[in-house]
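First comes the structure, then the notes that go with it.
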């Protein structure tokens, strides 16, 4: 069964919940910057997603990738309505979007290894 997410109750998350979201988002941003610096632009989205998920798991986060998510809107339930990129600790959804996809793929000698 697909996980179900609800927005209700998030208004009173409390300091502990906010602290957890800050830790998760900080780790996501730091890992994303590191990955971008190491790999550069131009690879398929799945490459960045796999590396990001691996880094976050190594940091101790629970990561689900491409998991079907259901939601309810005004009494109508949408089962498996989307498959977000990584979901971290069931609290943060990350949307991975690479830039310059064709630049790298069409440029000769521009692999990440050639920049090391």
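Miscellaneous remarks
- The alpha-carbon atoms of region 14-109 define a convex hull whose volume equals 116 cubic angstrom per residue.
- For the listed peptides 38-47, 70-79, a ranking on the average number of other beta carbons within 10 Å per residue, highest first, reads 38-47, 70-79.
No lab work stands behind these numbers, since they all come straight from the coordinates. Owing to the predicted nature of the structure, the values given are computational and were not obtained by experimental measurement. Cβ atoms come from the backbone with ideal geometry, glycine included; neighbour counts cover every protein chain shown.
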